[in-house]
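Enquirer: If you scroll down you'll find the structure; I have some questions about it.
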Amino acid sequence: MDARRAFCGQRGEGEVAVRGAGLMALAKFIEDTLAADDPAQLFSSYLHALEQIGVDRVMYSALRNTHHDEVKIPGISHCYPDDWVSYYMEHNYVQLDPVRQHCLATRNGFMWDEMLRSRDVTSAQKKLMNQGTEAGLHTGLAIPFHGPYGEVYGVGLACSTKVPDLSRFLRQIEIMSVQFHVVFSSLHDQARNAVGKSLTPRETEVIKWCAVGKSNWAIGEILNISEHGVDFHIRNILRKLDCDTRISAVVKALHGGLIKL
């Protein structure tokens with residue numbers, strides 16, 4: 001399906017409520033996304049457009065795959081604080097996260113604070129959300145994407161500083177996010193075969209251990225190689241998979257069928 005037609009069909013043309021300068025900015029954003037050559041360029045265009053309305057923290061995630069299994073890796077592309085992402089993974093917050101759970105249950109975009117008022121959340125979940133705020137995720141919102149085969153993706157968005165009200169931008173952000181997701185899916189399909197630029201057997205072992213959260217030191221102990229050697233393999237993996245973080249490399253390797261958990 002053509003990405004522009006897919007974008008219009010996702011929410012319905014009658015719902016596009018952005019006018020004037022906002023409509024022009026939206027049209028420019030669509031042009032930029034359609035011109036993107038790769039996911040990194042696409043994500044950069046998406047983030048730049050969001051920054052114009054105060055959003056500068058974005059996490060795009062696969063939440064459930066076509067086999068209806070929940071995905072344990074927190075993000076495909078993101079600009080969340082690295083310390084927070086590492087802390088989130090170490091504490092297995094993917095199982096606890098109420099934003100993630102609500103994305104699996106709804107097809108509509110929502111503000112985090114409104115979601116917390118509408119759900120019965122545990123004290124542990126409230127603590128998680130408070131920790132996210134302390135880590136620099138303010139005025140959050142989320143947009144889920146439910147696919148035809150049961151797969152679910154989602155984007156979590158927030159601000160590094162407190163913003164009074166983003167709810168008035170929710171529809172605009174939802175439209176932009178749908179466009180981003182549609183084009184990302186298209187680019188991902190095109191690149192899927194290219195991922196097979198094979199990793200060596202040792203690199204495959206290393207990325208598999210990265211996928212279960214092992215540190216460089218732990219991987220070195222398991223594979224009987226030095227921590228420096230592990231770092232060397234990880235740098236080669238990032239280069240081959242055209243990724244800039246371990247998390248994105250793991251996700252790309254999983255989606256490309258290079259490893260299985």
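The values are calculated or read from the model by the stated rules, or taken from the named source; none is laboratory data. Because the structure is predicted, anything quoted here is derived from the model rather than measured. Please note: Cβ atoms are built from the backbone with ideal geometry, for glycine as well, and neighbour counts cover all protein chains shown.
Enquirer: Select, from 24, 1, the only residue that is aliphatic (A, V, I, L, M), in a helix (DSSP H, G or I) and modelled with pLDDT under 90. Walk me through it before giving the result.
Expert: Working: 1 fails: in a helix (DSSP H, G or I).
From the options 24, 1, the qualifying one is 24.
Enquirer: Find the residue count for region 39-69, including only residues that are within 15 Å of the chain's Cα centre (by Cα) and assigned to a loop (DSSP other than H, G, I, E, B).
Expert: Taking region 39-69 and keeping what is within 15 Å of the chain's Cα centre (by Cα), we get 39-47, 50, 55-65.
Retained after the next criterion (residues that are assigned to a loop (DSSP other than H, G, I, E, B)): 55-56, 65.
Residues that pass the stated criteria total 3.
Enquirer: Do the conditions hold for residue 129, that is, is it touching a Phe, Trp or Tyr at 6+ places or on another chain (Cβ under 9 Å) and at pLDDT 95 or above? Can you show your working first?
Expert: Working: touching a Phe, Trp or Tyr at 6+ places or on another chain (Cβ under 9 Å): yes; at pLDDT 95 or above: yes.
Yes.
Enquirer: Would you check if there is a residue in region 130-140 being crowded, with 19+ Cβ neighbours inside 10 Å, in contact with a strand residue (DSSP E or B) (Cβ under 9 Å, 6 or more places away or on another chain) and over 24 Å from residue 43 (Cβ atoms)? Reasoning before the result, please.
Expert: Taking region 130-140 first, the residues crowded, with 19+ Cβ neighbours inside 10 Å are 132, 137, 139-140.
Narrowing the set further to residues that are in contact with a strand residue (DSSP E or B) (Cβ under 9 Å, 6 or more places away or on another chain) leaves 132, 137, 139-140.
Pick out the ones that are also over 24 Å from residue 43 (Cβ atoms) and you get none.
No, every residue in region 130-140 fails to be crowded, with 19+ Cβ neighbours inside 10 Å, in contact with a strand residue (DSSP E or B) (Cβ under 9 Å, 6 or more places away or on another chain) and over 24 Å from residue 43 (Cβ atoms).
Enquirer: Can you work out which of the residues in region 154-180 that are crowded, with 22+ Cβ neighbours inside 10 Å and part of a strand (DSSP E or B) is farthest from the chain's Cα centre (by Cα)?
Expert: If we take residues in region 154-180 being crowded, with 22+ Cβ neighbours inside 10 Å and part of a strand (DSSP E or B), then 158 is farthest from the chain's Cα centre (by Cα).
Enquirer: Output the number of residues of region 94-118 satisfying the condition of being surrounded by 13 or more Cβ atoms within 10 Å (Cβ to Cβ), free of Cβ contacts under 8 Å to residues at least 40 places away in the same chain and aliphatic (A, V, I, L, M).
Expert: Of the residues in region 94-118, 4 are surrounded by 13 or more Cβ atoms within 10 Å (Cβ to Cβ), free of Cβ contacts under 8 Å to residues at least 40 places away in the same chain and aliphatic (A, V, I, L, M).
Enquirer: Among the residues of region 99-109, are any among the β-branched types (Val, Ile, Thr), assigned by TED's automatic domain parsing to the domain that holds residue 76 and in a strand (DSSP E or B)? Let's see the steps before the verdict.
Expert: If we filter region 99-109 for residues that are among the β-branched types (Val, Ile, Thr), which is where we start, we get 99, 106.
Keeping just the survivors that are assigned by TED's automatic domain parsing to the domain that holds residue 76 gives 99, 106.
Of the ones still in play, those that are also in a strand (DSSP E or B) are none.
No, that holds for no residue.
Enquirer: Scanning for something in contact (Cβ under 8 Å) with a residue 24 or more places away in the chain, exposed (fewer than 14 other Cβ atoms within 10 Å of the Cβ), not assigned by TED's automatic domain parsing to the domain that holds residue 212 and not in a loop (DSSP other than H, G, I, E, B), does region 84-93 turn up at least one residue?
Expert: Checked against the condition, which is being in contact (Cβ under 8 Å) with a residue 24 or more places away in the chain, exposed (fewer than 14 other Cβ atoms within 10 Å of the Cβ), not assigned by TED's automatic domain parsing to the domain that holds residue 212 and not in a loop (DSSP other than H, G, I, E, B), region 84-93 yields at least one hit.
Enquirer: Give me a count of the residues in region 107-131 that are polar (S, T, N, Q) and within 22 Å of the chain's Cα centre (by Cα). Walk me through it before giving the result.
Expert: So the first thing to find is which residues in region 107-131 are polar (S, T, N, Q), and the list is 108, 118, 122-123, 125, 130-131.
Of the ones still in play, those that are also within 22 Å of the chain's Cα centre (by Cα) are 108, 125, 130-131.
Qualifying residue count for the region: 4.
Enquirer: Anything in region 114-133 that is part of a helix (DSSP H, G or I) and in contact with a helix residue (DSSP H, G or I) (Cβ under 9 Å, 6 or more places away or on another chain)? List them, or say none.
Expert: Looking only at region 114-133, we keep the residues that are part of a helix (DSSP H, G or I), and these are 114-118, 123-133.
Listed by number, the residues that qualify are 114, 115, 116, 118, 125, 126, 128, 129, 131, 132.
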